[in-house]
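Below is one structure, written out as C-alpha coordinates, with a few remarks after it.
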Amino acid sequence: MAYPIKIRATMEGDVADIKSLMNHPMETGLRKDAKTGKVIPAHYIQQVTATVNGKVVLECEWSIAISQNPFLGFKVKGAKAGDKVTISWQDNLGEKNSADATIS
Amino acid sequence: MNHLRRNLLKGTGAAGTVAVAIAAGLLKPSQVLAAEWNKAAFNAKTMADAMKSIGAGAPLDSKDIKIKAPDIAENGAVVPIEVISNIPGTESIAIFVEKNATPLAAEFKFSNGTEGYVSTRIKMLKSSLVRAVVKAGGKTYTAAKEVKVTIGGCGG
(Lines give C-alpha, C1' and ligand atoms only; values in the text may rest on other atoms or scores of the structure.)
Protein backbone atom coordinates (compact mmCIF):
# COMPACT_ATOMS: atom_id res chain seq x y z
CA MET A 1 0.00 0.00 0.00
CA ALA A 2 0.95 3.56 -0.59
CA TYR A 3 0.50 4.57 3.01
CA PRO A 4 2.38 2.40 5.51
CA ILE A 5 1.44 2.07 9.21
CA LYS A 6 4.08 1.85 11.93
CA ILE A 7 3.18 0.18 15.22
CA ARG A 8 5.18 -0.11 18.42
CA ALA A 9 3.70 -2.11 21.26
CA THR A 10 5.46 -2.62 24.58
CA MET A 11 4.38 -3.95 27.97
CA GLU A 12 4.45 -1.52 30.89
CA GLY A 13 3.57 -3.62 33.92
CA ASP A 14 0.29 -5.36 33.05
CA VAL A 15 -0.69 -2.75 30.48
CA ALA A 16 0.30 -2.82 26.82
CA ASP A 17 1.34 0.61 25.60
CA ILE A 18 0.55 0.75 21.88
CA LYS A 19 1.68 3.59 19.67
CA SER A 20 0.98 3.86 16.00
CA LEU A 21 1.93 6.22 13.21
CA MET A 22 -0.12 6.10 10.02
CA ASN A 23 1.08 7.78 6.88
CA HIS A 24 -1.81 9.64 5.36
CA PRO A 25 -2.23 13.12 3.81
CA MET A 26 -5.40 13.90 5.84
CA GLU A 27 -6.54 16.57 3.37
CA THR A 28 -9.34 18.65 4.84
CA GLY A 29 -10.97 19.67 1.57
CA LEU A 30 -10.58 23.28 2.72
CA ARG A 31 -7.06 23.94 1.43
CA LYS A 32 -6.36 25.47 -1.97
CA ASP A 33 -3.55 24.58 -4.29
CA ALA A 34 -1.16 27.56 -4.21
CA LYS A 35 -0.51 27.39 -7.96
CA THR A 36 -3.88 26.60 -9.49
CA GLY A 37 -6.15 28.09 -6.81
CA LYS A 38 -8.27 24.96 -6.93
CA VAL A 39 -9.54 23.34 -3.76
CA ILE A 40 -7.66 20.14 -2.91
CA PRO A 41 -10.33 17.46 -2.43
CA ALA A 42 -10.83 16.04 1.05
CA HIS A 43 -8.94 12.81 1.69
CA TYR A 44 -8.82 11.67 5.29
CA ILE A 45 -9.09 8.61 7.51
CA GLN A 46 -12.59 8.17 8.92
CA GLN A 47 -12.38 4.93 10.84
CA VAL A 48 -9.59 3.14 12.67
CA THR A 49 -9.95 -0.21 14.40
CA ALA A 50 -7.40 -1.84 16.67
CA THR A 51 -7.50 -5.47 17.74
CA VAL A 52 -5.39 -7.59 20.09
CA ASN A 53 -5.39 -11.28 19.15
CA GLY A 54 -8.46 -10.66 17.01
CA LYS A 55 -10.48 -8.97 19.78
CA VAL A 56 -11.49 -5.37 19.11
CA VAL A 57 -9.94 -3.06 21.70
CA LEU A 58 -10.39 0.36 20.14
CA GLU A 59 -12.69 1.84 17.52
CA CYS A 60 -12.04 5.38 16.35
CA GLU A 61 -14.03 7.77 14.22
CA TRP A 62 -12.01 10.67 12.93
CA SER A 63 -12.74 13.98 11.28
CA ILE A 64 -10.59 16.26 9.17
CA ALA A 65 -9.26 17.73 12.43
CA ILE A 66 -6.78 14.88 12.92
CA SER A 67 -3.29 15.94 11.83
CA GLN A 68 -1.46 14.74 8.77
CA ASN A 69 0.29 11.41 9.28
CA PRO A 70 -1.88 10.63 12.31
CA PHE A 71 -0.46 9.44 15.59
CA LEU A 72 -2.55 7.21 17.81
CA GLY A 73 -1.55 6.01 21.27
CA PHE A 74 -3.65 3.83 23.58
CA LYS A 75 -3.26 1.37 26.45
CA VAL A 76 -4.70 -2.12 26.73
CA LYS A 77 -4.96 -3.81 30.11
CA GLY A 78 -4.70 -7.59 30.20
CA ALA A 79 -2.71 -7.93 27.00
CA LYS A 80 0.48 -10.00 27.15
CA ALA A 81 3.86 -9.95 25.50
CA GLY A 82 3.61 -11.96 22.28
CA ASP A 83 0.01 -10.92 21.57
CA LYS A 84 -0.69 -9.76 18.06
CA VAL A 85 -1.84 -6.16 17.56
CA THR A 86 -3.60 -5.24 14.34
CA ILE A 87 -4.46 -1.69 13.35
CA SER A 88 -6.54 -0.98 10.28
CA TRP A 89 -8.07 2.15 8.81
CA GLN A 90 -10.45 3.23 6.11
CA ASP A 91 -10.59 6.70 4.56
CA ASN A 92 -13.35 8.73 2.93
CA LEU A 93 -12.34 7.53 -0.54
CA GLY A 94 -12.74 3.91 0.51
CA GLU A 95 -9.02 3.18 0.68
CA LYS A 96 -7.97 0.76 3.38
CA ASN A 97 -4.82 -0.41 5.03
CA SER A 98 -3.83 -2.54 7.98
CA ALA A 99 -0.67 -3.64 9.76
CA ASP A 100 0.31 -6.13 12.47
CA ALA A 101 2.81 -6.01 15.28
CA THR A 102 3.71 -8.20 18.23
CA ILE A 103 3.68 -6.84 21.77
CA SER A 104 7.16 -6.99 23.28
CA MET B 1 -55.15 -10.27 27.41
CA ASN B 2 -52.67 -12.96 26.54
CA HIS B 3 -55.35 -15.08 24.87
CA LEU B 4 -56.35 -12.19 22.73
CA ARG B 5 -52.78 -11.65 21.72
CA ARG B 6 -52.34 -15.35 20.90
CA ASN B 7 -55.45 -15.30 18.74
CA LEU B 8 -54.37 -12.22 16.96
CA LEU B 9 -51.00 -13.80 16.22
CA LYS B 10 -52.64 -16.95 14.86
CA GLY B 11 -55.16 -15.03 12.81
CA THR B 12 -52.54 -12.91 11.19
CA GLY B 13 -49.99 -15.64 10.71
CA ALA B 14 -49.25 -14.88 7.08
CA ALA B 15 -49.32 -11.15 7.56
CA GLY B 16 -47.14 -11.66 10.64
CA THR B 17 -44.31 -13.23 8.70
CA VAL B 18 -44.39 -10.38 6.25
CA ALA B 19 -44.24 -7.94 9.15
CA VAL B 20 -41.27 -9.82 10.60
CA ALA B 21 -39.54 -9.75 7.24
CA ILE B 22 -40.11 -6.02 6.99
CA ALA B 23 -38.94 -5.55 10.52
CA ALA B 24 -35.79 -7.49 9.72
CA GLY B 25 -35.36 -5.43 6.59
CA LEU B 26 -35.79 -2.27 8.60
CA LEU B 27 -33.38 -3.41 11.27
CA LYS B 28 -30.59 -3.99 8.84
CA PRO B 29 -29.98 -0.43 7.69
CA SER B 30 -29.89 0.83 11.27
CA GLN B 31 -27.31 -1.80 12.21
CA VAL B 32 -25.21 -0.78 9.24
CA LEU B 33 -25.56 2.85 10.27
CA ALA B 34 -24.33 2.08 13.77
CA ALA B 35 -21.07 0.78 12.37
CA GLU B 36 -20.72 3.63 9.94
CA TRP B 37 -18.97 6.94 10.28
CA ASN B 38 -21.22 9.38 12.19
CA LYS B 39 -21.63 11.91 9.40
CA ALA B 40 -24.17 14.11 11.18
CA ALA B 41 -21.90 14.54 14.20
CA PHE B 42 -18.78 15.29 12.18
CA ASN B 43 -20.58 17.80 9.95
CA ALA B 44 -22.24 19.61 12.86
CA LYS B 45 -21.22 23.26 12.87
CA THR B 46 -21.92 24.11 16.51
CA MET B 47 -20.79 22.52 19.76
CA ALA B 48 -24.38 21.94 20.87
CA ASP B 49 -25.31 20.09 17.67
CA ALA B 50 -22.12 18.05 17.65
CA MET B 51 -22.59 17.03 21.29
CA LYS B 52 -26.20 16.10 20.67
CA SER B 53 -25.42 13.96 17.65
CA ILE B 54 -22.99 11.77 19.60
CA GLY B 55 -25.62 11.39 22.33
CA ALA B 56 -24.01 13.70 24.88
CA GLY B 57 -26.71 16.25 25.64
CA ALA B 58 -25.75 17.76 28.98
CA PRO B 59 -22.49 16.27 30.26
CA LEU B 60 -21.39 16.78 33.87
CA ASP B 61 -18.11 18.55 34.58
CA SER B 62 -15.59 16.10 35.92
CA LYS B 63 -12.19 16.45 37.56
CA ASP B 64 -11.39 12.84 36.72
CA ILE B 65 -10.75 13.70 33.09
CA LYS B 66 -7.31 15.09 32.37
CA ILE B 67 -6.41 16.75 29.11
CA LYS B 68 -2.73 17.08 28.36
CA ALA B 69 -2.11 19.64 25.65
CA PRO B 70 0.29 22.54 25.24
CA ASP B 71 -0.84 25.92 26.64
CA ILE B 72 0.46 27.54 23.50
CA ALA B 73 0.64 25.63 20.23
CA GLU B 74 2.92 27.26 17.71
CA ASN B 75 1.55 25.25 14.82
CA GLY B 76 -2.18 24.64 14.77
CA ALA B 77 -1.77 21.89 12.17
CA VAL B 78 -0.15 19.57 14.71
CA VAL B 79 -1.30 19.93 18.31
CA PRO B 80 -0.41 16.92 20.47
CA ILE B 81 -3.20 15.99 22.83
CA GLU B 82 -3.66 13.30 25.46
CA VAL B 83 -6.91 12.55 27.24
CA ILE B 84 -6.88 10.46 30.40
CA SER B 85 -10.17 9.44 31.96
CA ASN B 86 -10.01 8.07 35.50
CA ILE B 87 -13.77 7.51 35.56
CA PRO B 88 -14.45 3.79 36.14
CA GLY B 89 -16.03 2.02 33.19
CA THR B 90 -15.05 4.62 30.60
CA GLU B 91 -16.60 3.51 27.32
CA SER B 92 -15.62 6.29 24.97
CA ILE B 93 -13.80 9.59 24.68
CA ALA B 94 -14.75 12.25 22.18
CA ILE B 95 -12.51 15.24 21.47
CA PHE B 96 -13.99 18.58 20.46
CA VAL B 97 -12.24 21.75 19.37
CA GLU B 98 -14.86 24.37 20.13
CA LYS B 99 -13.77 26.95 17.56
CA ASN B 100 -13.07 24.65 14.63
CA ALA B 101 -15.54 24.89 11.75
CA THR B 102 -16.78 21.42 12.69
CA PRO B 103 -16.08 21.02 16.43
CA LEU B 104 -16.02 17.21 16.71
CA ALA B 105 -12.46 16.09 16.01
CA ALA B 106 -12.58 12.41 16.92
CA GLU B 107 -14.35 9.78 18.92
CA PHE B 108 -12.65 6.75 20.48
CA LYS B 109 -14.56 3.72 21.72
CA PHE B 110 -12.90 1.29 24.12
CA SER B 111 -13.55 -2.40 24.66
CA ASN B 112 -11.86 -5.55 25.98
CA GLY B 113 -9.63 -3.97 28.59
CA THR B 114 -8.51 -0.81 26.82
CA GLU B 115 -7.95 1.93 29.36
CA GLY B 116 -9.59 5.34 29.24
CA TYR B 117 -6.58 6.88 27.63
CA VAL B 118 -5.89 8.16 24.18
CA SER B 119 -3.10 10.16 22.63
CA THR B 120 -3.19 11.78 19.22
CA ARG B 121 -2.47 14.96 17.28
CA ILE B 122 -5.14 17.35 16.09
CA LYS B 123 -5.57 20.42 13.92
CA MET B 124 -6.81 23.68 15.37
CA LEU B 125 -8.04 26.65 13.37
CA LYS B 126 -7.39 29.17 16.16
CA SER B 127 -7.10 29.49 19.93
CA SER B 128 -9.91 27.49 21.45
CA LEU B 129 -11.10 25.34 24.27
CA VAL B 130 -10.35 21.68 23.67
CA ARG B 131 -13.12 19.65 25.25
CA ALA B 132 -13.15 15.96 26.06
CA VAL B 133 -16.47 14.19 26.53
CA VAL B 134 -16.37 10.83 28.28
CA LYS B 135 -19.18 8.28 28.32
CA ALA B 136 -19.22 5.91 31.27
CA GLY B 137 -22.04 3.80 32.69
CA GLY B 138 -24.75 5.57 30.70
CA LYS B 139 -23.63 9.04 31.81
CA THR B 140 -21.54 11.67 30.10
CA TYR B 141 -18.79 13.72 31.66
CA THR B 142 -16.70 16.54 30.31
CA ALA B 143 -13.59 18.63 30.88
CA ALA B 144 -11.92 21.33 28.82
CA LYS B 145 -8.56 23.00 28.40
CA GLU B 146 -7.67 26.25 26.68
CA VAL B 147 -5.05 25.98 23.93
CA LYS B 148 -3.67 29.11 22.30
CA VAL B 149 -2.72 28.75 18.66
CA THR B 150 -0.19 31.03 16.99
CA ILE B 151 -0.66 29.78 13.41
CA GLY B 152 -3.93 28.08 12.46
CA GLY B 153 -3.94 24.64 10.93
CA CYS B 154 -7.21 24.26 9.03
CA GLY B 155 -7.07 25.45 5.47
CA GLY B 156 -4.50 27.52 3.57
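What percent of all Cα-Cα pairs in segment B:39-151 falls into each 10 Å bin, going from 0 up to the bin containing the maximum distance?
Histogramming segment B:39-151 at 10 Å steps yields 15, 49, 32, 4 percent.
So what is the accessible area of segment B:39-151 per residue, in Å², with the probe set to 1.4 Å?
Numbers: 5070 Å² over 113 residues.
Per residue, segment B:39-151 has an accessible area of 45 Å².
Does any residue of segment A:30-50 lose at least 20 Å² of accessible area with all protein chains in place compared with its chain alone, and if so which ones (probe 1.4 Å)?
Listed by number, the residues meeting the 20 Å² cut-off are A:L30, A:R31, A:Q46, A:Q47.
Determine the relative contact order of segment B:39-151: mean sequence separation of Cα pairs under 8 Å and six or more apart, normalised by residue count, in whole percent. Write down the numbers at each step before the final one.
Working: 276 pairs, mean separation 37.1, N = 113.
This gives 33 percent for segment B:39-151.
In segment A:8-104, how many lysine pairs have Cα atoms under 27 Å apart, counting only pairs 8 or more places apart or on different chains?
16
In a shell of Cβ-Cβ distance under 14 Å around A:W89, excluding A:W89 itself, what net charge do Lys and Arg (+1) and Asp and Glu (-1) give?
On the way: positive: A:K6, A:K96; negative: A:E59, A:E61, A:D91, A:E95, A:D100.
Once all neighbours under 14 Å are counted, the net charge is -3.
Of the heavy-atom accessible surface of chain A (probe 1.4 angstrom), what whole percent is carbon and sulfur?
Working: 2500 of 5040 Å².
The nonpolar share, carbon plus sulfur, comes to 50 percent.
Which order, highest average first, do B:85-94, B:44-53, B:116-125 follow once you tally other Cβ atoms within 10 Å for each residue and take the mean per peptide? Could the numbers behind the result be given before it?
Details: B:85-94: 19.5, B:44-53: 16.6, B:116-125: 22.5.
Going by the mean number of other Cβ atoms within 10 Å, highest first, we get B:116-125, B:85-94, B:44-53.
Return the value, in Å² to the nearest 100, of accessible area buried between chains B and A (probe 1.4 Å, both sides summed).
Numbers: alone 9990 and 6360 Å², together 13690 Å².
About 2700 Å² of accessible surface is lost on pairing.
Could you look at segment B:39-151 and say what percent of its accessible area is carbon and sulfur, using a 1.4 Å probe and all protein chains? Could you put the intermediate results ahead of the total?
Working: 2710 of 5070 Å².
Using a 1.4 Å probe with all protein chains present, segment B:39-151 comes out at 53 percent carbon and sulfur.
Return the average number of partner chain Cβ atoms within 10 angstrom of each residue Cβ along peptide B:116-127. All intermediate terms of the calculation are to be shown ahead of the outcome.
Numbers: counts 2, 6, 6, 7, 11, 9, 6, 8, 2, 2, 0, 0.
Per residue, the average neighbour count from other chains is 5.
In Å², and per residue, what accessible area does segment A:5-102 have when probed at 1.4 Å with the other protein chains present?
Values: 4600 Å² over 98 residues.
Heavy-atom SASA per residue in segment A:5-102 reads 47 Å².
Report Rg(Cα)/(2.2 N^0.38 Å) for chain A, keeping two decimals. Write out the running numbers ahead of the final one.
On the way: Rg = 15.6 Å, N = 104, 2.2 N^0.38 = 12.8 Å.
With N residues counted in chain A, Rg over 2.2 N^0.38 Å equals 1.21.
Let me know the mean shielding of A:72-81 by other chains, meaning the per-residue number of their Cβ atoms within 10 Å of its Cβ.
That works out to 5 on average.
Just report the Cα centroid separation between segment A:71-99 and segment B:47-62, whole Å.
27 Å
The values are calculated or read from the model by the stated rules, or taken from the named source; none is laboratory data. Predicted model, so just to flag it, every value in this text is computed and none were measured. Please note: Cβ atoms are built from the backbone with ideal geometry, for glycine as well, and neighbour counts cover all protein chains shown. Each accessible area value is taken on the protein alone, full model and side chains, heavy atoms only, with ligands, DNA and RNA left out. Shrake-Rupley method; radii C 1.70, N 1.55, O 1.52, S 1.80 Å.
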